[in-house]
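**Student:** Pasting a structure here, questions to come.
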Amino acid sequence: MKPAETRPAPPPRRLLPPLATALIGLIFAALFCVSALIDLRQLEMLLLSALQQRALTMVTALEKAVQENIHRLQPGHEASRFSQTFIYPSNDEDMALREALAQALLEVASRLDLLAQEGQPDPTDLAAMAQAEQLRGVQLVAADGRVVVQTGEGLAEREAILAPLLSGREEVVFQLFEDPQFTPPHYFLALRRTYGSGAVVLVLDQAGLVFWQQRIAVQTALENFPWSGDLIYFILTTPEDRLLGQVGRLPDMQLEPCQLLKTPADGRGQRTSLCTLAGEKRALELIVPFHVAQTRLGTARLGLLTQETDALLQESRRHIFLWTGVMLIIGMAAMAVIYRLQDRYLRRLQAMRERLQQAERLSSLGKLAAGVAHEIRNPLNAIGIAVQRLRREFLPEGEGRQQVFADLTKVIREEISRLNTIVEEFLSLSRGGRLDLQPVAPAALLHNVQALFQAQAHSRGVQLVVEVADACPPVAADLPKMQQVLVNLVKNALEAITGPGQILLRAAAAGADHVRLTVTDTGKGLAPEELDHIFDPYYTTKERGLGLGLALAHEIVQAHGGQMSVDSRPGAGTTFTIILPRQG
């Protein structure tokens with residue numbers, strides 16, 4: 001009979017295949033990275049907003065200071081003509097502002113005086129200078145009152161106004177802080193020449209005076225404003241790009257990508273950009289509309305150092321990336337644990353499926369045995385009796401014929417015995433589930449098996465050794481069936497040893513509730529592909545084997561509530577291990 005081919009159970013499908021597990025891990029890693037980048041972006045925006053708010057607070061405070069200064073410089077604000085009838089302001093702040101305005105115009109007049117000393121100025125250059133300084137007109141007047149050079153409009157009532165200067169009684173005459181009393185309504189400042197005789201006259205209209213008032217108001221506010229230490233510069237220009245005031249120096253900068261990212265303009269038209277100064281300092285530049293009394297005066301441009309915010313951003317970035325890395329490691333470790341648990345679960349499920357299939361096959365064999373064994377056993381007995389009668393009553397004459405007859409009947413009896421063995425094994429499979437459990441001492445069980453095979457092992461040069469650990473507890477077992485298991489194992493071990501060798505039977509406690517029995521031989525061993533089917537019915541590596549011995553042994557051990565396993569390598573022998581529950 002050829003061993004039946006068994007098809008292994010298909011492995012169970014994984015809940016999370018390796019590729020899916022890797023993709024899930026990558027998705028989680030991407031989510032963590034995106035979350036970290038979002039947090040970093042929010043932090044950058046928060047720091048940028050803080051710097052912007054500081055800058056806007058400074059600009060707002062400066063707007064109020066400039067508005068107050070412009071109000072103090074308005075014509076008619078506690079002031080009159082500078083000459084015999086000048087009325088001084090009521091406080092030092094007003095006085096300082098007006099002195100600053102007059103001094104600024106005096107500096108322009110002094111430059112014109114110096115220019116006239118070098119030669120008569122070109123009217124074109126004089127007109128360009130007047131336009132740049134927002135002057136309505138410029139006059140160079142000789143000592144006799146005659147106009148030498150003029151650009152733009154001249155001064156009305158020139159002779160009466162300049163008489164104190166030309167006569168040497170006054171150095172400066174101006175009307176800047178009161179409403180004009182003549183037509184057209186011009187403001188003016190006249191300076192007696194230092195480098196020659198005569199006077200320099202600067203004429204301003206209302207727009208020019210407002211420009212100079214704004215410039216002085218801004219410059220004074222900038223000089224008196226309590227700037228923070230991280231301000232590098234503050235520059236205020238008119239919509240026509242004329243300078244109104246400046247604190248600090250605008251350094252040469254190279255715009256670079258910045259840690260604090262660019263943001264769109266807000267409701268005030270604000271823009272930001274991060275610049276790198278000469279060296280390694282960084283500054284956040286803000287360009288903000290500058291308003292006075294609800295009117296846009298110009299554009300403020302200020303730069304704030306970002307060392308503190310950059311350091312905070314770098315520290316926060318390190319913390320974010322550190323915790324992101326920790327979360328990624330924890331996530332990957334969790335995925336690895338899940339995969340291992342799933343793999344362990346699948347291995348157990350596969351083992352359960354294999355045991356279930358094996359149990360189903362053994363059950364089917366048991367049913368087959370129950371139906372076939374009885375049909376075969378009675379004819380075998382009849383054939384055996386007939387053979388015995390033939391040998392006794394029908395022995396042929398002649399010595400040669402008698403020998404042939406004896407050989408033939410011997411073959412028949414051997415085959416009948418072999419068939420009877422097959423029937424017995426079938427019957428054993430069919431009765432495998434019925435056990436008579438009794439306390440059995442492992443030492444007695446192993447010594448009984450040793451006594452059965454001692455002579456056969458000795459004749460083949462094989463040592464049969466028994467080792468029982470001290471205090472080895474008894475097991476709950478059906479003695480004949482468990483002895484049948486060990487007999488099958490020892491018989492297979494003897495057949496696996498081709499020369500001198502050893503078979504070692506051991507018994508020892510396995511934990512608090514089990515006993516371990518092992519059968520180890522020094523035979524040829526088994527190949528890995530043979531180990532997968534060693535307990536399958538009809539699987540055998542012997543030429544005349546049926547493949548039922550180990551299947552029956554495995555079934556008996558499982559019926560006892562135990563486990564049976566095998567460990568073998570080609571050329572290194574085989575070890576069968578049986579774990580049985582101890583007697584309670």
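**Student:** Picking from Ala512, Ala508, which residue would you name as being out of contact with any Ser or Thr (no Cβ under 8 Å at 6 or more places or on another chain), assigned by TED's automatic domain parsing to the domain that holds Gln484, over 21 Å from Gln463 (Cβ atoms) and surrounded by fewer than 19 Cβ atoms within 10 Å (Cβ to Cβ)? Outline the logic, then answer.
**Tutor:** Numbers: Ala508 fails: over 21 Å from Gln463 (Cβ atoms).
Testing whether each residue is out of contact with any Ser or Thr (no Cβ under 8 Å at 6 or more places or on another chain), assigned by TED's automatic domain parsing to the domain that holds Gln484, over 21 Å from Gln463 (Cβ atoms) and surrounded by fewer than 19 Cβ atoms within 10 Å (Cβ to Cβ) leaves just Ala512.
**Student:** State which residue is farthest from the chain's Cα centre (by Cα) when the search covers only the stretch 198-208 and only residues that are farther than 16 Å from Glu159 by Cβ and of a type outside the set (A, V, I, L, M).
**Tutor:** Per the criteria, the residue is Asp205.
**Student:** Can you tell me which residue is surrounded by the fewest Cβ atoms within 10 Å (Cβ to Cβ) among those in the stretch 300-327 that are among the polar types (S, T, N, Q) and in contact with a helix residue (DSSP H, G or I) (Cβ under 6 Å, 6 or more places away or on another chain)?
**Tutor:** Quick first cut of the stretch 300-327, residues among the polar types (S, T, N, Q) only: 306-307, 309, 314, 316, 324.
So of that shortlist, the ones also in contact with a helix residue (DSSP H, G or I) (Cβ under 6 Å, 6 or more places away or on another chain) come out as 309, 316, 324.
Details: Thr309: 21, Ser316: 16, Thr324: 18.
My answer is Ser316.
**Student:** Given the options Leu435, Leu445, Leu479, name the one that is touching a Lys or Arg at 6+ places or on another chain (Cβ under 7 Å) and farther than 21 Å from Gly523 by Cα. Working first, answer last.
**Tutor:** Values: Leu445 fails: touching a Lys or Arg at 6+ places or on another chain (Cβ under 7 Å); Leu479 fails: touching a Lys or Arg at 6+ places or on another chain (Cβ under 7 Å).
It is Leu435.
**Student:** Next question, about the same structure. May I ask you to list pairs of residues, at least six apart or on different chains, whose Cβ atoms are under 9 Å apart, with the first in the stretch 477-505 being free of Cβ contacts under 8 Å to residues at least 60 places away in the same chain and not assigned by TED's automatic domain parsing to the domain that holds Gln454 and the second being assigned to a loop (DSSP other than H, G, I, E, B) and surrounded by fewer than 24 Cβ atoms within 10 Å (Cβ to Cβ)?
**Tutor:** From residues that are free of Cβ contacts under 8 Å to residues at least 60 places away in the same chain and not assigned by TED's automatic domain parsing to the domain that holds Gln454, there are no pairs.
**Student:** What residue, of Val210, Val201, is buried (at least 23 other Cβ atoms within 10 Å of the Cβ) and within 19 Å of Arg98 (Cα to Cα)?
**Tutor:** Working: Val210 fails: buried (at least 23 other Cβ atoms within 10 Å of the Cβ).
The unique qualifying residue is Val201.
**Student:** Go through (1) modelled with pLDDT under 60; (2) over 28 Å from Leu37 (Cβ atoms); (3) of a type in the set (D, E, K, R) one by one and return the number of the condition Glu256 breaks.
**Tutor:** Among (1) modelled with pLDDT under 60; (2) over 28 Å from Leu37 (Cβ atoms); (3) of a type in the set (D, E, K, R), Glu256 violates only (2).
**Student:** Further question: Every residue in the stretch 281-318 that is part of a loop (DSSP other than H, G, I, E, B) and either of a type in the set (Lys, Arg) or within 14 Å of Leu231 (Cβ to Cβ) (or both), please.
**Tutor:** Once the filter is applied, which keeps residues that are part of a loop (DSSP other than H, G, I, E, B) and either of a type in the set (Lys, Arg) or within 14 Å of Leu231 (Cβ to Cβ) (or both), the stretch 281-318 yields Lys281, Thr306.
**Student:** If you go through the stretch 29-82, how many residues are part of a loop (DSSP other than H, G, I, E, B) and either in the same structural domain as Ala100 (by TED's automatic domain parsing) or at pLDDT 75 or above (or both)? Steps first, please.
**Tutor:** Taking the stretch 29-82 and keeping what is part of a loop (DSSP other than H, G, I, E, B), we get 73-81.
Right, trim to either in the same structural domain as Ala100 (by TED's automatic domain parsing) or at pLDDT 75 or above (or both) and you get 73-74.
Count: 2.
**Student:** In addition: Would you point out which residue out of Ala104, Ala143 is touching a residue at least 12 places away in the same chain (Cβ under 8 Å) and in a helix (DSSP H, G or I)? Reasoning before the result, please.
**Tutor:** Working: Ala143 fails: in a helix (DSSP H, G or I).
Matching residue, one of Ala104, Ala143: Ala104.
**Student:** Name the single residue that is farthest from Leu43 (Cα to Cα) among those in the stretch 328-359 being at pLDDT 80 or above and surrounded by 15 or more Cβ atoms within 10 Å (Cβ to Cβ).
**Tutor:** The selected residue is Arg353.
**Student:** A further question on this structure: If you go through the stretch 223-242 one residue at a time, do you hit one that is surrounded by fewer than 15 Cβ atoms within 10 Å (Cβ to Cβ), touching a residue at least 24 places away in the same chain (Cβ under 8 Å) and among the polar types (S, T, N, Q)?
**Tutor:** yes
**Student:** Scan the stretch 154-167 and give yes if some residue there is in contact with a His (Cβ under 9 Å, 6 or more places away or on another chain) and among the hydrophobic types (A, V, I, L, M, F, W, C), otherwise no.
**Tutor:** Scanning the stretch 154-167 turns up at least one residue that is in contact with a His (Cβ under 9 Å, 6 or more places away or on another chain) and among the hydrophobic types (A, V, I, L, M, F, W, C).
The values are calculated or read from the model by the stated rules, or taken from the named source; none is laboratory data. The structure presented is a predicted model; accordingly, all values stated were derived computationally and were not measured. Positions of Cβ are generated from backbone atoms using ideal geometry, with glycine treated the same way; all protein chains shown enter the neighbour counts.
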